[in-house]
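One structure below.
The values are calculated or read from the model by the stated rules, or taken from the named source; none is laboratory data. Note that this is a predicted model, so its numbers are computed, not measured. FYI the Cβ positions are ideal-geometry reconstructions off the backbone, even for glycines, and counts take in every protein chain you see.
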Amino acid sequence: MAILPIRIWGDPILTKRAAAVDRVTAEERRLIADMLETMEAADGAGLAAPQVGVGKRIFVFRRGEEMHALVNPKIIRREGEKIGEEGCLSIPGVQAKVARAARVIVSGRNEKGKPVEYECEDGEEQGRAATCVQHEIDHLDGIMYVEKARPGTLSWLIEAVDEDGDDFIALQKTTPQEIKTYYKARAFPPHIHVLDMLREQVEKGKNK
């Protein structure tokens with residue numbers, strides 16, 4: 001297994017619809033194993049194949065303490081609605097509020113090529129499973145969550161200190177255009193709260 005480089009917003013593969021997988025082979029199984037390791041290393045809730053540069057309809061995700069892979073996933077039922085905070089490994093240092101179905105049933109094939117179906121909902125038992133499934137399927141359709149963000153909620157995550165000297169994360173409003181400008185310059189705003197491996201992906205080649 002290997003930790004794969006995560007593609008950052010602005011990479012063309014992130015806005016292309018991924019292709020269906022005809023058959024799950026050893027190649028797909030290796031990819032899934034690498035994606036699971038990469039997701040864990042990045043402390044992510046999910047990861048879609050285009051985010052590691054592969055245009056296939058595959059994603060991995062957390063459902064409580066379990067981790068799963070889905071090939072050619074399809075949401076077959078949506079129930080309710082909730083608005084929650086979302087982030088994305090391909091858009092590091094940023095979050096926004098997005099409306100999603102509160103509960104979904106998703107089907108597809110697992111890493112062995114066997115048909116599977118999962119009931120997913122956000123909560124203490126499953127974490128952000130329902131949100132994650134919808135977010136990752138959007139990735140497979142070339143859709144980034146910022147396109148669905150509630151107006152005025154897109155924010156940088158900024159490390160700050162309060163009057164008592166305690167650390168906290170402040171939200172600094174931003175726009176899609178500003179985010180892309182920073183990433184294109186291989187930079188972040190000062191004091192950004194971001195995982196080192198994702199910072200390295202954005203800043204890669206900055207001093208060349």
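Brief remarks on what is shown
- Any chance Ile105 is in the same structural domain as Ala26 (by TED's automatic domain parsing), aliphatic (A, V, I, L, M) and without any contact (Cβ under 8 Å) to a residue 40 or more places away in the chain: yes
- Annotation note: of His68, His135, the sole residue that is in contact (Cβ under 8 Å) with a residue 40 or more places away in the chain and buried (at least 24 other Cβ atoms within 10 Å of the Cβ) is His135.
- Screening the candidates Gln95, Gln126 for the property of being within 21 Å of Val146 (Cα to Cα) and not acidic (Asp, Glu) yields one hit, Gln95.
Residues are listed down the side, and each one gets a yes or a no for (1) buried (at least 21 other Cβ atoms within 10 Å of the Cβ); (2) farther than 25 Å from His193 by Cα; (3) of a type in the set (D, E, K, R):
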position	(1), (2), (3)
Gly44	yes, no, no
Ser90	yes, no, no
Ala101	no, yes, no
Glu119	no, yes, yes
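- Scanning region 154-183 for residues that are touching a residue at least 60 places away in the same chain (Cβ under 8 Å) and within 30 Å of Leu36 (Cβ to Cβ), we see that the one that is surrounded by the fewest Cβ atoms within 10 Å (Cβ to Cβ) is Lys180.
- If you go through region 1-16 and keep only what is under 17 Å from Val146 (Cα atoms), in a loop (DSSP other than H, G, I, E, B) and of a type in the set (A, V, I, L, M, F, W, C), you end up with just Ile8.
- Within region 145-168, one or more residues are in contact with a Gly (Cβ under 8 Å, 6 or more places away or on another chain), closer than 28 Å to Gly53 by Cα and in a strand (DSSP E or B).
- Residues of region 13-35 satisfying the condition of being exposed (fewer than 12 other Cβ atoms within 10 Å of the Cβ) and in contact (Cβ under 8 Å) with a residue 60 or more places away in the chain: Arg23
- Considering region 17-41, and only residues there that are touching a strand residue (DSSP E or B) at 6+ places or on another chain (Cβ under 8 Å) and in a loop (DSSP other than H, G, I, E, B), the residue that is nearest to Gly142 (Cα to Cα) turns out to be Ala18.
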